[in-house]
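The values are calculated or read from the model by the stated rules, or taken from the named source; none is laboratory data. Owing to the predicted nature of the structure, the values given are computational and were not obtained by experimental measurement. Note that each Cβ is placed from the backbone with ideal geometry, even for glycine, and that neighbours are counted across all protein chains shown. These accessible areas exclude ligands, DNA and RNA; they are computed on the full protein's heavy atoms, side chains included. Shrake-Rupley method; radii C 1.70, N 1.55, O 1.52, S 1.80 Å.
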Amino acid sequence: MTTLGQEERHTEEKVYRQLRANSLLQEIMLRYMMEGQAASEQGKLAWVTSGFPVEIPVTMGVNVSYPEQYGAIIGSQKVGPEICGFAEELGYSQELCSYARSSIGSVRYPEKSPLDGLPKPQALLACNNICGTVLRWYDAVSQMTGAPVFLFDTPPTEGDQPSHHREYVRQSVLRLIDFLSRTFHTSFSEERLRKVGELSGEAIDLWTRSLKACRNRPSPLNCADRFLAMAPIVALRGTEPAIEFYQALLEEVQERVSQGLGAIRDERIRLLWDDIPPWFTIFRFFNGLAARGVVFPADTYTHAWSGSLAGADLLDSVVSVYSNVYLNKGLEAKVDKMCELIKEYSLDGFIMFSVRSCKRYSLGQLVSKELVMERTGVPGVVIEGDMVDSRLFNDAQIQTRLDALLEMFL
Amino acid sequence: MGYVYPHAPLEIIMAHGLTPTLVRARPGIAGAFEASLQTFACSYTRNLFSQRANDQMPASSALLFPGNTCDSLLNVGDIWRVRFPDDIIFRLTYPAANQGEAAVHYLADELRSLSQSIEAAFGRPFSEEEFRDAAGLTRQFRSAAQFLYAARVVSPQVLRYSKLAALIHTFLLSPDQKSANEITNASTQVQRALARSRLLDSAKKIQEQLIKRHLTPAALPHGAKSPRIAIAGGMIDPGAIVALFNAAGIPEDALVMDLFSFGFKTVFTPPCEVGRDPFDSVARSILASPLEPTQEGLGVRLAFLKDVVTNLAVDGLIVCEQSFCDPDEFEAPSLEAEASKSGVAVMRLPIDPELSDRERLGVRLQSFLETISPRSGR
Amino acid sequence: MARRTTIGIGLDIGSTTTKGILVDSSGTVLAASLVTTGASAPIAARHVMDELSQTSGKELTGLPIITTGYGRTSVEFAHETVTEITCHSMGVHSLNPDIRLLIDVGGQDSKVIRIGPNGRPTDFELNDKCSAGTGRFLEVMARVLEVSIDDLGPLALRSTSPSTISSTCTVFAESEVVGRIGTGAAPADIAAGAHLAMAGKVATLAKRVGLVTPVGVTGGVALNPAFRHYLSKQLNSSLWMPDKPQLTGALGAAILAVKR
């Protein structure tokens, strides 16, 4: 009997299987938090957006923290409404992105925020490839902390990126290097970027292989597993610990595949998840569905970190990778990606989570729902909510829609 | 060609023999967006979409949408193309960062690309001559409108705000010699009136300063009425503000300055130069338009706001927030804080194109006016 | 539950009314009941069960029961809960298998359901967030016009030129209507305008699922002739309505129960 089998007997009652790698994940993230704190004290910390070309600051010896990830933590600890409230008291509308509101709220009252807030930044690096709001959010934080803002501008693409577009974004890279040099009294080396790029690429490769393993039946990972496991690929790209974790994860995933073990005990329905998950109810929500045999072998959120730096011209690679992230490509590209995932992962249907806070991700779902259904022939449903602000989540309304969708599969 | 976002390349469009016409959100449009847009899409875009879905959109051969200005407009452009596949849609993607020459080159190339698309779609090539005429027209319009803005700072009663808004709207709806002459005539009349009251120099000085974005304390006439209100916001219809003011019984004279996209920002966009590459010229002109919140530079915008309220003897600032508009709603607290620091009373005005809450907004405005006291030292 | 059964019970527990149907495996309705839900869903459900038993003369113990509707999870003796979407779809399919698109408008929500070839839904859209487009909207309008909800439809049908009501939100629409009354618009025209607006919203929901004729309508609001008139115009399609449009949910639940 294998160790895995022994563990099986202990967790017989649970509908989902715990990942062993989660404990390594916790260790790594804790270390990361502490390093961030230390970096801040040494004046070497920048806050970055999740789509930022982080390899550049890492190359230049600048540590990075992720307010969006911190937003997920705030959501998971169920203090979203409270912390967002601090920002609302300052006059920020409830209609604004809840990552931004919770970030602004925690900057205002770090002592009332989880982990005493994110460590103070010396610079704020925003890249608008994930949305146009980040600049304004970081502007607000800049006002509060005094840290200067830098915008890495990646105008949204439509199909192939024209050369004048690429040239402009390349100038952004040069400007970024200059900004970081001046702000942090540090320098850039292409040699070092190549090394960092390789580390980043290795982690992405390992992560991608774990993602692809979910094409198997049963799927070795559910989306909740991936939403946790994505933390290092977002926050630790270009570092060794990220590789360490994704190696461990891949090993465990491959073990599960070879033994025919799924992330959930009784896999009957395979669905696609679209958009950022509701962090404040992530386990209850997905395990509730798991109890009904529903697993999510693929989702558009965790599949969004897939580009690595390669080639002779690394700066060009930075331009290409970061201009062409999922959220920067337009509606057609989103629909294509979703249809591709449904086909590749043999999915029976899809759920689109309409995150009120996130216009970039969510507007267009009403149309893409129709297009995806048309092209794939599988049914789907749009449910409404938010990723951090639990006030915007109506259980009954969501359950009715989910129930109706699942009834279609009987 | 209809356009939605304020900083449209008017001269380029006109160089192709097309008339750029501003398509705005309007009150009284029945909601028809629910099949395509969630309620958290910006209310301005929902109104535009509803117009199109109801067949209430003013006739045009094509529509120009922007990219990289805000997420609602970006998505709505994409959704529009799926829902109305027979519409001819162009997209101009703007730079958002302070990247100096790199941004200019990028935008110039985008404009070149747009120009080629227009030619391909309509078979009308770019004409240098028509470009020059267009540049002259917009220069004439802006020059006259700028003066009127400055004139109203010095003497708000010399021209009703609604009249100024109407003149601007007419030009933006139909930029031709007729509408340009209309506003030029108004400007001439106002110049005469100010000359009679010996305020002309003062107004001209303010115009210069506004163009340079550097103000000094304005010399206002004795007995200048109070309170003096400035109003800030994004893609708000000045006409809607007039309607609210009228409904609330507030005199238009109280409004001495707006900082709206379809007002101040459009009017004080520098003219594009002729005699050089037209795309480069227009790109420079667009990128130098003041106060654009979809671009890097909050600090600069706040400094200018401070300048305005301090030097133009403003007693109260109204900060408009379009419902579900990210740029407006993110910036509003900063604008409010900056103005308050300068000792100015501030009111936030949540607004949508349908003016759904007209009654209550009117009451709010009225109360605000009643509670403002003139700044000391006047 | 090893005994083979030829009778099933469906209970549709709505926020306003609770409905019950007793059906046999050939689809014949043996008994039907409709009561006001009141403050307690379980009590209303019990009441319905008693009526079904009385009407049919049958003992109901041990028979399969499926509940649907808003209060479906609040009844302990149910064997299974199924959403109204599936139940209405099955119910209508059993009454008229030609119907491929079903529009159900109740007091609190409106739904559009694409009925598949076997009676189960293949797609649906739901409006349960916004009262405009539900029976609530018409109730508000009836109140403002000072007529009963039953008289609102006939009043609207008397108009030849409906007023325009442009507000998408019930709260704002109410203010708009008050304004219209103030400026002397005829109540019939306002009532017609309200139905037109309502039908418009419902039609939009329907188009999201995709219009496929023939179209069926169910739910309490379907009994309103003005609503059917304006909806039919909006969809440019005739509408089929079952004799008892409020009972199709319970019927579908009962059919599913029999199949268990």
Residue-averaged [θ]222 nm for chain B, counting only DSSP H segments that reach four residues, each worth -39500 (n - 2.57): -16500 deg cm²/dmol
Sequence-distant lysines (8 or more away, or on other chains) whose Cα lies within less than 17 Å of A:K44: A:K120
Interface area, A with C, accessible, probe 1.4 Å, both sides summed, Å² nearest 100: 1500
Theoretical FRET efficiency, 1/(1+(r/R0)^6), r = Cβ-Cβ of A:S187 and B:A59, R0 45 Å, to 0.05: 0.15
Ratio Rg/Rh, restricted to the stretch B:241-378 and using Cα atoms, in which Rh is the Kirkwood radius: 1.01
For chain B: relative contact order, % (alpha-carbon pairs under 8 angstrom, 6 or more apart): 20
Added length on full extension, which subtracts the Cα-Cα distance from 0.36 nm per residue, A:Q26 to A:A312: 99.4 nm
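Which percent, to the nearest 5, of DSSP beta bridges fully inside the stretch C:98-241 are antiparallel?
Percent antiparallel among DSSP bridges in the stretch C:98-241 is about 65.
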Kirkwood hydrodynamic radius of the stretch C:199-259, Cα pairs, Å: 12.5
DSSP beta bridges in chain C [antiparallel fraction, %, rounded to 5]: 70
Within the accessible area of the stretch C:98-241 (1.4 Å probe), percent carbon and sulfur: 50
Exposure rule at most 15 other beta-carbon atoms within 10 Å, DSSP loop GluC sites (Glu not before Pro): chain A longest free segment: A:14-410
Reduction of at least 40 Å² in accessible surface, 1.4 Å probe, comparing all protein chains with the chain by itself, residues of the stretch A:380-401: A:E384, A:Q397, A:T400, A:R401
For the stretch A:371-387 and the stretch C:100-154, distance of Cα centres in Å: 23
Listing of the stretch C:146-195 residues, each with accessible area lower by at least 30 Å² in the full protein assembly than in the chain alone (probe 1.4 Å): C:S166, C:T168, C:F172
Cα-centre dipole for the stretch C:98-241 with unit charges at Cβ (Lys and Arg positive, Asp and Glu negative), debye to 20: 420
Distant-in-sequence amide H partners of C:T17 (H built 1.01 Å from N, under 5 Å): C:T37
Peptide A:84-93, shielding by other chains (average Cβ, 10 Å cutoff): 3
Solvent-free Debye scattering, log10 I(q)/I(0), computed from the Cα coordinates of the stretch A:23-187 at q = 0.09 Å⁻¹: -0.31
Solvent-accessible area per residue for the stretch B:305-378 (1.4 angstrom probe, square angstrom): 39
Cα-based equivalent ellipsoid, the stretch C:98-241: semi-axes from gyration tensor eigenvalues, Å: 27, 14, 12
Inter-centroid distance (Cα atoms) of the stretch C:1-62 relative to the stretch B:315-373, Å: 57
Simple label model, 7 Å out from Cα along Cβ direction - C:K233 to A:K343, nm: 4.6
Cα radius of gyration and Dmax for the stretch A:115-163 (Å): 13.6, 45
For chain A, alpha-carbon Rg over 2.2 N^0.38 Å: 0.96
Electrostatic dipole magnitude of the protein assembly as shown [Cβ: Lys, Arg +1; Asp, Glu -1; Cα centre; debye, to 20]: 1360
Two-decimal ratio, chain B, of alpha-carbon radius of gyration to 2.2 N^0.38 Å: 0.96
Reciprocal mean inverse distance between Cα atoms of chain C - Kirkwood radius, Å: 18.8
Exceeding the 20 Å Cα-Cα cut-off - candidates B:K225/B:K341; A:K369/C:K259; B:K163/B:K265: B:K225/B:K341; A:K369/C:K259
log₁₀ of I(q)/I(0) at q = 0.21, 0.26 Å⁻¹ - the stretch B:65-118, Debye sum with one point per alpha carbon: -0.82, -1.02
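Please work out the ratio of the alpha-carbon Rg of the stretch B:83-186 to 2.2 N^0.38 Å and round it to two decimals.
This ratio for the stretch B:83-186 stands at 1.39.
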Area hidden from solvent between A and B (accessible, protein heavy atoms only, 1.4 Å, total, Å²): 4200
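Could you work out [θ]222 nm for chain A from helices alone, using -39500 (n - 2.57) per DSSP H run of at least four and dividing by all its residues? Round to the nearest 500 deg cm²/dmol.
-16500 deg cm²/dmol
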Bins of 5 Å from zero: percent of alpha-carbon pairs in the stretch B:1-76: 3, 16, 25, 24, 18, 9, 4, 1
Within the stretch B:1-117, percent of DSSP bridges classed antiparallel, to nearest 5: 0
Principal axis dimensions, the stretch C:103-151 - Cα atoms, whole angstrom, descending: 45, 22, 9
With 5 Å bins from 0: P(r) over the stretch A:268-410, alpha-carbon pairs, percent: 2, 9, 18, 22, 19, 14, 7, 4, 3, 1, 0
Nearby lysines by direct alpha-carbon distance to C:K233 (threshold 21 angstrom, same-chain neighbours under 8 apart not counted): C:K111, C:K201, C:K207
Principal axes of the protein assembly as shown: Cα extent on each, largest first, Å: 101, 78, 59
Accessible area of chain C divided out per residue, in Å², using a probe of 1.4 angstrom: 42
Assigned charges on the beta-carbon of Lys, Arg, Asp, Glu; the stretch A:23-187 dipole about Cα centre (debye): 260
Modelled FRET efficiency - R0 35 Å, C:R46 with C:D151, Cβ distances, 0.05 increments: 0.55
Candidates C:Q234, C:Q108, C:Q54: whichever shows maximal mean-square fluctuation once chain C is modelled as a Gaussian network with Cα springs under 10 Å: C:Q54
Coil-residue trypsin sites (Lys or Arg not before Pro) of the stretch C:1-74, DSSP, other Cβ within 10 Å capped at 11: C:R3, C:R4
Dipole of chain A [Lys/Arg +1, Asp/Glu -1 at C-beta], most positive-end residue of A:S357, A:H185, A:L45: A:S357
